Structures are given as structure tokens and as C-alpha cells.
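Read through the structure below, which is laid out as C-alpha cells, and then see the notes.
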Amino acid sequence: MDADLYSHLRKGGLVLTVNNRLARQLREDYDQRRADEKAGVWLRPQVFSLAAWSESRIRSLREGPEILSQAQSLRIWGEIIEADQVRHALLQLHQTARRAFQAHQLLVRYGFNFDTEEAGPDSRAFLRWRSRWQRQAAEKNWMDAAVLIRRVAGALAEKRCAAPGRVLLAGFDHMVPDVALLVDVLRGLHCEVHEWNPAPANAGKRSSFAAADPQAEVCHCARWVRRIRESEPQARIGIVVPRLEDYRRHFATVFQDELDPAGVLQGVETHTAFNISLAGSVGDEGPVRAALRLLQTGRRLTTDDLGWLLRSPYVGRHRRDASRRARLDKALRESGVPEWTLAALRRFAVRFSGDQEKQPFDAQSILAMLAARDRSRSSQLPGDWAESFVKDLREMGWPGDRGLSSREYQAAESWHRLLADLASLDRVSQPMQRREAVAALTRLAADTEFQPESQGGEIQVLGLLEAGGMSFDHLWVAGLHDGALPQAPQPNPFIPLAVQQRAGMERADAVRERLFAERVANRLFHAAPEVVLSWPRLVDGIVQRPSPLLPALDADGMVLADPASPAMAIHSAGRRLETLADCRAPALNLKKTFAGGTGLLKDQALCPFRAFAHYRLHARRLESPEIGLDNLCRGSLVHYALEFFWKKVETQSALRTLSRDERENAVRQAVASSLDRFEREKRRDLPAGQKAIERRRLTGLLTSWLEFEAERPPFVVQSLEKSLKVAVGRLTIRTRIDRIDLLEDGSLAILDYKTGRCDPAQWFDERLTEPQLPVYCLSGPSDRIGAVMFAQVRSRLRECGFRGVTRSDEPWPGQGGGTTGKVLEAHGWQSFDAIIDHWRAALERLGNAFAAGDAEVDPVSPEAACRYCDLAPLCRIHEAGTTLHLPEAST
């Protein structure tokens, strides 16, 4: 703090700053100076932002209009615009209200108006809205913050409040007309008014730096900061970025890595060593986002909504019931239902928990509260809704049963202030329904900045405007490409451009932006003894040029600290790691049937680790229910329908003797029984429309398929969905065969329905990746087996038919060119029995390998084994350099 400013404050002088940040900084500097002088006590310095001082002057008059907050003002503008939508249809009401309110503030502060003659359609609509706002404000004695400075100037001129003797205006790069008016009034009252900015730093070191991209630019900046901190711990360091919103994410992550690596490694929240002025939205903070999401929850919830509700640590007794919540989440996903009503969900949760738990399951109470809370159509004032929201959240256990971190605690406190802001709308709002109140609260959260307290006062990351009036020991100005300084004009869409240019309004034209940028650059580039100016060569892949305001400087001599990022440190250590390939699990003690069926053998053939993870570790990804029925459910319906049909018809001769009407009636009955069984077993009621669609689909599918059955060699259906126990090497499993037919020659045909595409060629590979039908052939005399067939039941007739091998040469409908003779010839086998011998040997290898604990990550092929596998994050197959070449989707 320079001597003139310090002396002014010591004498009780008034300092008005361009923003709150500079006011806070000057107060801290003054206090530090007084503390260094070992003063025992001192008066608080008279340093205020101009906006705060103006509001305090108006309130001190105890007269005049009521000052509305921004939230109240936006609410009124929103209601005015919503009422006008018949004449001016809008898609984004809240954003329109915000931009229109900003246009009103600009006109007030610049002292300009315009009429309909120079206005386009949007500007004419704005004039209607503004006229209605002005009438309401006059009728109800309201005013918004935009008029405060002019009101203060008027009160001073009328001598309704006393003028100070001397004022310093700090950090003003541009004097808006209402500020200029206030200055003129003060000077007319013999008040000394001076502009103050830090004196330019003594000529020191200035250098430039061209980075590859913003990430590299921030990395270099962080290491530069750390080098200074190591030698000058108390140095005041500033980083200024013209478009800070584009850089905020990089600073938040890179600076944390470089300046607080211990906190990164510990994985816990620590006091950061820096402060970023561009705050995020309070609505993005965990506790606040959870509160909003709970209030937004409707009577129907998707599986994703439920997963969030059960996993959130901010809801209920999460620490106590996390395990049971996770199991319920898994059960809900496995149910296949994509959307739930609260009533159905509560019933499911009760069935899930049963009577095993003596302690109540908190998810049930949360769901009960959601169902019971007031969802009537009655309207209330926002303040009443705020009280209701507090009660709702308390009953649902917000913000959870674990301790909150410092940041979370501050966010929870901000939430209570948001509710107070919502209640403040009572003054300007009509009663609203619950949905409207939640939407208003959500907008307030999105519009409210959240800046957690930190101990990083010596390192400030600032935007151009926030840096006004500040000085540093070291300064880095980043992001100085030609698109950032000067910035492109961004005129307000509701004020005619000619009006904005005549008034010299901010962001109105390129000339003004260039002049403003030159003033700011001249101040910034001399704001510290050491200044680094940098820009990125590439931003999002687009080549950038340096700002035209960037002076020609040396790019040499920048000293950086060594990288401290934990990830970089681990990588640079570079020591050779000892590796251990643990590919074998403990062997199984096989004294009983192992659960898993032929799916176990299929996984073992695809990849041994897949079988081990699925059937011994029980590791599977969570299901993601689809809208409607997925392919697995549709396939089950086809299986059920064919089972019911053949239970009644039994033989091919009976099928052929059915009249057309009799066959259609049998198909309809089978389809109806199939749908009933599906709903009963899945505990899932299909919507009437969806059920009708599935009924038509199944009826057409079965009708077409039975034509193929009628063309086959004669048969009798011997068994349906037969379950049996089979020894596969040292492993004993249970399997189920869709259907076994007795053929005319006394042999058996083993059939497996497939509603997807199937490929019997996999039966003849070294690894049997389709083992279900071959497994059955191990259970009895092989000489009785006459055919092993996939029955491919598809909607397209050309894709329907039988695929497989037969003992005789007689072709089956749709069998195609893959006859048994060609298979035998291709593999050098002599007879059909040689195929069964191949299956027996291949299956025994798979069973013995699983029983022995073979768990190697060894996919049969990346496309076949890895394309749809859910274990890639666990087995880390991609770290081995395996690349999946996925086939293009067929049309």
C-alpha cells in the first residue's frame, strides 16, 4: 500500500473501489501495515465498493423506495416477460429476463433511452417490458440496484445526506456516466475526488512465453509460481487471464497438483495455496446439488435417478446402510424396469429387504417420505415453500450422516442462504406451485457464485476486471491471444446497436473494446517488478496469434521449479517395477454341482479370466435397464411361446392336421400364456400398448416359424426345457435343453432356439464358444443323436431356419450350404461320431481348466471375447496393447 493511500486512510478518509475484491484487499493491506507498526487497536478503514457504499447511503436515509435484490428484480422481469409471451414467444424465459434486465441497467447507468422508431422487434418488446416494470416500480415504491448511484448523487445534491471531505476512487479503468455524475456532484459540494491506482512498478523484468496450449501454459505458470514461493514465501503473486472462464478448469487441477501435491496424494480436502476469483456455481456443489435433486424428484423415477438416490452420501444414513443400498440398486437394475412409480418402488424395497433386518432400512423411509410429501396443486408463497423444503430435506436425512468437509459445510451454509433468497421473493411474487418454487430455487443456485474460504491470499488468479487497482510482487498474464485481448464486442441484443455506440456502452463495438484493452494492458503490464506475458499457440486445435497489444519481449530467462505433480513424479522416478503374473486361482474342491451352467464353459472358452471373474468372484457390471424390452426379454418370450405351443400340439403330424384357424388359435393361446408367464416370473406388468405390440410380434414370428417346422422330416417332441446334470471333465454342471425331438428313424434331434444370429462353425473350433448343445451330447449314448441344431427364429424369413449338423445327409429347412459332409471334409473327420468326440475332448479341457483355477487373461479373439465384455476395467486388457477392430454395423 503506497504512502498516499495509507495516509488518507489513517486520517479516516473514504476509499471507494470498483469491486468488492479490491476493497477487501485494501482493507487487509491496511490492517497488515498497522499490525507491522505494532499498533494495539485501530479503526476499521473506510474502504467500500462503490455499490456497497451507495446502497448504505440510500438505506441510511430511511426514506424512499425499497431496494430490490437482483433475485427479486429478475423474478419481476420474468413474470412481465412470461405474461407477454403471447405477443413475443420465447424459448428461454430466464435467460431472456436476465439479458433484458441487463439492458435496463445499462440504460439507467449510461443515462440513455430510445424510442420505437429506431427499435427492431426485440427492442420494441423490451420497451414494452421496461414500461411495465417502471409502472410496477412506481406503484409499489420499488427500485433496483442500477439506480443507486444516481439516487445517491441526487440525495447529495439536495443535501439530504452529507458529502465526505475527500474521496479516492480506486481501480476504475472506465468511468461509467452515473459514476461521473456522482463525481461531479461531489466536487460541486467542495469534496476532493481523486482517482487512485497503484503506481507503475519500477522497471523490472518483463518476458513473454508462447505455450503449446492452455494446459501447457498453466503448467509452466504453476512451476514459475512454485519457484517464487520457494525463495520468497511472502511474495504477492498474481495471475491474470482475460478469459478466465476458459482457463478455470486448468488452474483448478494443475495448480492443485503443483502447489498442493500432498493433498492430491492424500485424497482429502486441504487448504489450497491459491485463490481463483472466478467462482463456480453453488448449484454444482455436492450438498446443494443433492438437495435440489431430492426436491426435483417426481412421482416417477428412472433407474439412474434411483441409483443416484441410493449412492448419494448426502441422503439419509448412507454410512450405516451403504451396503444394503448398493444391493437394492443392483436388484433394481436387474429387474429390467427402466422407470418406477414411488408406490411400486416402495413395494419392491419392502420385498427386497424382507424380514431379515431388524434395523429399519433407511431407503424405505426415504421413499415413503417422497411418496407422502405434499404434491398437491395448491399454491403457496415462496417463503412457505422454503419452510416446506427445509422440512422435506430434514426428513430425508440431508446432508447425510457423515461429517462434512470444510468445503461441503460452506456449501450447506450457502444452501440456507439460498432458501432465504427464495423467501425474499414473497415481496414481489404471487403464490406459486411446488414445481415453480423448485425451478426458482434451482435458478437461484445456478446464479449464485460459490467461493469457498481459502488460505491462498498470496496467490490470486484473477480476471481482467477483478485485477483492477491491484498490485503484485510478481505477475503472470496468461491467455493473451488475439481473440482474448481485446475481446470481441458483445452488444446487448435488446438495445439498438447505434444507441449503444452513441452512449459508449461496454462491449458495444470493436473501437471501444480496443481502447479499453489498451488501458488495461498498460496498467497490467507494469503492475509488478516481474511480469510474464504468455499465450497459447493452439486452443481446441485452432492456431492462435499473440494479442496485438503484446509488446516485443525476450522469451529467455524464465526459471521454473521442477515438476511436483504426483503423477509426473511417479512417472519420472522411472524405476523398474517387479512384475508378477498371477494367472491361477486355487483349484476347486468339487464334491457337488457347480452353479453356472453352460454359461461358465462359454466364458472359459472366450477367456479364462472372464469365467473366473464371473463365476468365482461374481464380478459383473450393473445392469442398465432399457426402455421397453431388451433382446434377452424378447428371446425369452419366444422360448416361452414355443414351449406352450408344443406342449399342446406335440407332433409334426398334429401340426400338419391343424386347420388355418386352429393353428392361429393355438398360436394366440401360446403367445398369451408366454406373456402371462413373463409378467409373473419377472414381477413386471407390461403396459397395454407394449403388450399389444409384443403379442403381434410373437404371433407373426411363430406363424412364420411353424411353416419351417412343417417342412422338416417327421418328428415327435419328446421333451421341452429338459434339465439335466452333466459331468464335463472334473466339473459337474446343470444345463437345460430347449427341446429334444424324436425323429422317424428313432434318433434324437437336439434343438436350441436362437432369436439372434448364430454360427455353428464355432462348434468346430479348438475352444467351444457355443457349448450348450455339445454339452448335452455328453449326457447319453452318442449313437442315439441324429441331429444337433440351432433353430434360428427370426422376423425375416430368409434368416430363419435350422443351422447345425446331422447324422444323415437329409437337409433340413433353411440349413444352407453348411452340410455335415462339408464339415467332416474340412476337418478331416470320418463320421458324425468324430464331431461328438471333438466336443467331448474340447469340453473336458474347458471343465478341467476351470476346476484347476485357470484364470489367465487370454481372449480367444479380441472381437469375440472383448467386444461386449464387462470386465475390461478389471482385467485391463487394453493395457496389453490389444486393439479391438470392431466390424461395421450391418444395415
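The values are calculated or read from the model by the stated rules, or taken from the named source; none is laboratory data. Treat the numbers as computed from the prediction; the structure is a model and nothing was measured. For neighbour counting, all protein chains shown are included, and Cβ atoms are generated from backbone atoms with ideal geometry for every residue, glycine included.
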Q.
Quick check on region 604-663: of everything there that is among the hydroxyl-bearing types (Ser, Thr, Tyr) and assigned to a helix (DSSP H, G or I), which residue is modelled with the lowest pLDDT?
A. Ser636
Q | When residues of region 790-811 are limited to those that are under 16 Å from Leu706 (Cβ atoms) and modelled with pLDDT of 85 or more, the one surrounded by the most Cβ atoms within 10 Å (Cβ to Cβ) | A | Ala791
Q: Scan region 173-194 for residues that are over 19 Å from Gly111 (Cα atoms) and in contact with a strand residue (DSSP E or B) (Cβ under 9 Å, 6 or more places away or on another chain) and report the count.
A: 5
Q) Would it be correct to say that Ala666 is hydrophobic (A, V, I, L, M, F, W, C) and either touching a helix residue (DSSP H, G or I) at 6+ places or on another chain (Cβ under 8 Å) or over 23 Å from Cys800 (Cα atoms) (or both)? A) yes
(Q) Please count how many residues of region 531-565 are closer than 28 Å to Ser471 by Cβ, at pLDDT below 90 and not aliphatic (A, V, I, L, M). (A) 4
Q: Name the residue, out of Ala826, Ala749, Ala849, that is over 30 Å from Cys583 (Cα atoms) and either in contact with a Pro (Cβ under 9 Å, 6 or more places away or on another chain) or part of a strand (DSSP E or B) (or both).
A: Ala749
Q) Out of all the residues in region 753-773, is one or more of a type in the set (D, E, K, R), part of a loop (DSSP other than H, G, I, E, B), in contact with a strand residue (DSSP E or B) (Cβ under 8 Å, 6 or more places away or on another chain) and on the phi < 0 side of the Ramachandran plot? A) yes
**Q.** Considering residues of region 417-439 that are surrounded by fewer than 18 Cβ atoms within 10 Å (Cβ to Cβ) and basic (Lys, Arg) only, the residue nearest to Trp385 (Cα to Cα)
**A.** Arg435
Q. Among Asp482, Asp473, Asp426, which is of a type outside the set (A, V, I, L, M, F, W, C), in contact with a helix residue (DSSP H, G or I) (Cβ under 7 Å, 6 or more places away or on another chain) and on the phi < 0 side of the Ramachandran plot?
A. Asp426
Q: Output the residues belonging to region 492-551 that are within 30 Å of Leu127 (Cβ to Cβ), part of a helix (DSSP H, G or I) and not aliphatic (A, V, I, L, M).
A: Gln500, Gln501, Arg502, Arg512, Glu513, Phe516
Q: Collect the residues in region 15-38 that are part of a helix (DSSP H, G or I), polar (S, T, N, Q) and in contact (Cβ under 8 Å) with a residue 60 or more places away in the chain, keeping them in residue-number order.
A: Gln25
Q) Just checking, which of Glu55, Glu63, Glu28 is farther than 18 Å from Cys191 by Cα and at pLDDT 90 or above? A) Glu55
Q. Within region 59-66, is even one residue part of a helix (DSSP H, G or I), over 35 Å from the mean Cα position of the chain (by Cα) and in the same structural domain as Asn19 (by TED's automatic domain parsing)?
A. yes
Q.
Of the conditions (1) in contact with a Phe, Trp or Tyr (Cβ under 7 Å, 6 or more places away or on another chain); (2) within 29 Å of Leu169 (Cβ to Cβ); (3) among the small types (Gly, Ala, Ser), Ala97 satisfies every one except a single condition; which number is it?
A. (2)
Q) Any chance region 439-449 includes a residue that's basic (Lys, Arg), at pLDDT 90 or above and assigned to a helix (DSSP H, G or I)? A) yes
**Q.** Pairs where the first residue, in region 287-304, is touching a residue at least 60 places away in the same chain (Cβ under 8 Å) and assigned by TED's automatic domain parsing to the domain that holds Ser414 and the second is among the polar types (S, T, N, Q) and assigned to a strand (DSSP E or B), C-beta under 7 Å, 6+ apart
**A.** Arg299/Thr341
Q: Kindly indicate the residue of region 513-562 that is in contact (Cβ under 8 Å) with a residue 60 or more places away in the chain and acidic (Asp, Glu) and also surrounded by the fewest Cβ atoms within 10 Å (Cβ to Cβ) among those meeting that condition.
A: Asp556
Q: Report whether or not Val788 is among the hydrophobic types (A, V, I, L, M, F, W, C), part of a strand (DSSP E or B) and on the phi < 0 side of the Ramachandran plot.
A: yes
Q. Here are Arg417, Arg402, Arg435: which of them is at pLDDT below 90, outside the structural domain of Ile239 (by TED's automatic domain parsing) and not in a loop (DSSP other than H, G, I, E, B)?
A. Arg435
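Okay, residues lined up against (1) touching a helix residue (DSSP H, G or I) at 6+ places or on another chain (Cβ under 7 Å); (2) crowded, with 20+ Cβ neighbours inside 10 Å:
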{"site": "Leu68", "(1), (2)": "no, yes"}
{"site": "Ile81", "(1), (2)": "yes, yes"}
{"site": "Gln95", "(1), (2)": "no, no"}
{"site": "Arg99", "(1), (2)": "no, no"}
{"site": "Gln102", "(1), (2)": "no, no"}
{"site": "Asp115", "(1), (2)": "no, no"}
{"site": "Ala119", "(1), (2)": "yes, no"}
Q) What are the residues in region 184-225 that are exposed (fewer than 15 other Cβ atoms within 10 Å of the Cβ), among the charged types (D, E, K, R) and within 26 Å of Asn19 (Cβ to Cβ), if any? A) Asp184, Arg187, Glu192, Glu195
**Q.** Any hit, region 464-485, residues being among the β-branched types (Val, Ile, Thr), buried (at least 21 other Cβ atoms within 10 Å of the Cβ), assigned to a loop (DSSP other than H, G, I, E, B) and modelled with pLDDT of 90 or more
**A.** no
Q: Just need a number here: residues in region 582-607 that are in contact with a strand residue (DSSP E or B) (Cβ under 7 Å, 6 or more places away or on another chain) and either more than 26 Å from Ile737 (Cβ to Cβ) or free of Cβ contacts under 8 Å to residues at least 60 places away in the same chain (or both).
A: 1
Q) Restricting to region 483-512, what's the tally of residues that are without any contact (Cβ under 8 Å) to a residue 60 or more places away in the chain and of a type in the set (S, T, N, Q)? A) 2
**Q.** Search result, residues across region 766-783 that are out of contact with any helix residue (DSSP H, G or I) (no Cβ under 8 Å at 6 or more places or on another chain) and either in contact (Cβ under 8 Å) with a residue 40 or more places away in the chain or more than 24 Å from Thr593 (Cβ to Cβ) (or both)
**A.** Tyr776, Ser779
Q.
I need the strands (runs of 3 or more DSSP E) fully contained in region 157-266, keeping only those with at least 1 residues that are free of Cβ contacts under 8 Å to residues at least 60 places away in the same chain and of a type outside the set (Phe, Trp, Tyr).
A. 192-196
